[in-house]
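Asks: One structure is given below, represented as structure tokens, and several questions about it will come after.
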Amino acid sequence: MKDQLNRIISLTQIPKRIVSLVPSQTELLHDLGLENEIVGITKFCVHPVHYKQKKAIVGGTKQVHFEKIKALKPDIILCNKEENTKDMIGKLQAIAPVHISDVYTITDSLQLILMYGKLFNKTKASVSMVASIKAKQKAFAKHIEGSQKLKVTYFIWKNPWMVAAKNTFINEMLTINNFENCYKNDNRYPEIELSQLKQLKPEMILLSSEPYPFKEKDVKILKPLFPNTIIKIVDGEAFSWYGSRLLKVFDYFRTLRDDL
């Protein structure tokens, strides 16, 4: 079969020992019923919480312990084009087949769910999950139909200030919420100056809980600079985690929109 980069993955049987190097994909595997097959995860794989005690921690998403992964004798290693580095993936291929996801949209995410369903013999569970996500997205779209479109800036980092722009899953989730990204014409995650942002006159600034853990003190820093702008701390996982997390996010988005 092929991964989302159209690379051919050669397997002789259904993988029974999985190393997952992407937190949202670890959660997806669990929700597809593959807890027993997961043997290795990253230190950032925080869902479900008990995995930190039950599974081998092989490093982060950018740096891993290759010998530790090798000792786990994985049948497959799951990576992501954005989360993991090209150099790292090259070395991992010497250990086991590597499947790479490439997710920017809801459609990409649903494709990955179905791909995992086929790859791990969980087709029924994956088809059911995709159907549920589509239904929740449709209901949410109807709920916010006719809502005000707000100009929004979504911060992911501080020192330097960095925002989410186009060609990101975050931008997709902003669009689904009927938000207009102030940086929709920029690419990926640009560094910005606050003085530049003032000229764009955002109606709302969203401060993500991850990867940088924004706090209320950051709201207080920004408020004097943007006195007429709504500034909110939001759940970063809701905006950036794809996979089975999509089963939960539309309820969160509904609350977020209703609060406005």
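The values are calculated or read from the model by the stated rules, or taken from the named source; none is laboratory data. Computed from a predicted structure; not experimentally measured. Because the Cβ atoms are built from the backbone with ideal geometry, glycine has one as well, and the counts that use them run over all protein chains shown.
Asks: So, residue 119, is that one surrounded by 14 or more Cβ atoms within 10 Å (Cβ to Cβ), within 27 Å of residue 181 (Cα to Cα) and at pLDDT 95 or above or not? Full working, then the answer.
Replies: Values: surrounded by 14 or more Cβ atoms within 10 Å (Cβ to Cβ): yes; within 27 Å of residue 181 (Cα to Cα): no; at pLDDT 95 or above: yes.
So residue 119 fails the test.
Asks: Considering each of 185, 181, 167 in turn, give the residue that is surrounded by fewer than 12 Cβ atoms within 10 Å (Cβ to Cβ) and under 27 Å from residue 80 (Cα atoms).
Replies: That would be 185, the only listed residue that is surrounded by fewer than 12 Cβ atoms within 10 Å (Cβ to Cβ) and under 27 Å from residue 80 (Cα atoms).
Okay, residues lined up against (1) of a type in the set (A, V, I, L, M); (2) at pLDDT below 95:
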| site | (1), (2) |
| --- | --- |
| 1 | yes, yes |
| 6 | no, no |
| 12 | no, yes |
| 19 | yes, no |
| 40 | no, no |
| 47 | no, no |
| 53 | no, yes |
| 65 | no, no |
| 69 | yes, no |
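Asks: I need the full set of residues from segment 142-162 which are in contact with a helix residue (DSSP H, G or I) (Cβ under 7 Å, 6 or more places away or on another chain) and part of a loop (DSSP other than H, G, I, E, B), in order please.
Replies: Matches in segment 142-162: 144, 147, 158, 161.
Asks: Continuing with the same structure: Restricting attention to segment 1-46, which residues are assigned to a loop (DSSP other than H, G, I, E, B), under 19 Å from the mean Cα position of the chain (by Cα) and in contact (Cβ under 8 Å) with a residue 60 or more places away in the chain?
Replies: 3, 4, 5, 21, 22, 32
Asks: How many of the residues making up segment 72-120 are closer than 14 Å to residue 38 by Cα and either part of a loop (DSSP other than H, G, I, E, B) or without any contact (Cβ under 8 Å) to a residue 60 or more places away in the chain (or both)?
Replies: Matching residues across segment 72-120 total 7.
Asks: May I ask you to verify whether residue 29 is in contact with a strand residue (DSSP E or B) (Cβ under 9 Å, 6 or more places away or on another chain) and crowded, with 19+ Cβ neighbours inside 10 Å?
Replies: On the way: in contact with a strand residue (DSSP E or B) (Cβ under 9 Å, 6 or more places away or on another chain): yes; crowded, with 19+ Cβ neighbours inside 10 Å: yes.
So residue 29 passes the test.
Asks: Additional query: With a cut-off of at least 3 residues that are of a type in the set (Gly, Ala, Ser) and either outside the structural domain of residue 153 (by TED's automatic domain parsing) or more than 19 Å from the chain's Cα centre (by Cα) (or both), name the helices (runs of 4 or more DSSP H) lying wholly within segment 163-260.
Replies: none
Asks: Within segment 211-229, track down each residue that is surrounded by fewer than 18 Cβ atoms within 10 Å (Cβ to Cβ) and in contact (Cβ under 8 Å) with a residue 40 or more places away in the chain.
Replies: Taking segment 211-229 as the starting set, the residues that turn out to be surrounded by fewer than 18 Cβ atoms within 10 Å (Cβ to Cβ) are 211-213, 215-221, 223-225, 227-228.
The answer is 211, 212, 218.
Asks: Quick check on segment 243-250. Is at least one of its residues without any contact (Cβ under 8 Å) to a residue 40 or more places away in the chain and surrounded by fewer than 18 Cβ atoms within 10 Å (Cβ to Cβ)?
Replies: Scanning segment 243-250 turns up at least one residue that is without any contact (Cβ under 8 Å) to a residue 40 or more places away in the chain and surrounded by fewer than 18 Cβ atoms within 10 Å (Cβ to Cβ).
Asks: Okay, moving on. Considering segment 92-107 alone, what residues qualify as being surrounded by fewer than 15 Cβ atoms within 10 Å (Cβ to Cβ) and within 17 Å of residue 59 (Cβ to Cβ)?
Replies: Answer for segment 92-107, where residues must be surrounded by fewer than 15 Cβ atoms within 10 Å (Cβ to Cβ) and within 17 Å of residue 59 (Cβ to Cβ): 93, 94.
Asks: For the subset of segment 51-71 comprising residues that are of a type in the set (Lys, Arg) and outside any loop (DSSP other than H, G, I, E, B), which member is surrounded by the fewest Cβ atoms within 10 Å (Cβ to Cβ)? Lay out the reasoning, then the answer.
Replies: Step one: of segment 51-71, the residues of a type in the set (Lys, Arg) are 52, 54-55, 62, 68, 70.
Then drop every residue that is not outside any loop (DSSP other than H, G, I, E, B), which leaves 52, 54, 68, 70.
Numbers: 52: 12, 54: 10, 68: 14, 70: 15.
So, considering only residues that are of a type in the set (Lys, Arg) and outside any loop (DSSP other than H, G, I, E, B), the one surrounded by the fewest Cβ atoms within 10 Å (Cβ to Cβ) is 54.
Asks: Write out, first by first residue and then by second, each pair whose Cβ atoms fall under 9 Å of each other, whose residues are 6+ apart or on separate chains, and whose first residue, in segment 133-153, is assigned by TED's automatic domain parsing to the domain that holds residue 204 while the second is basic (Lys, Arg) and not in a helix (DSSP H, G or I).
Replies: Filtered contacts from segment 133-153: 151/201.
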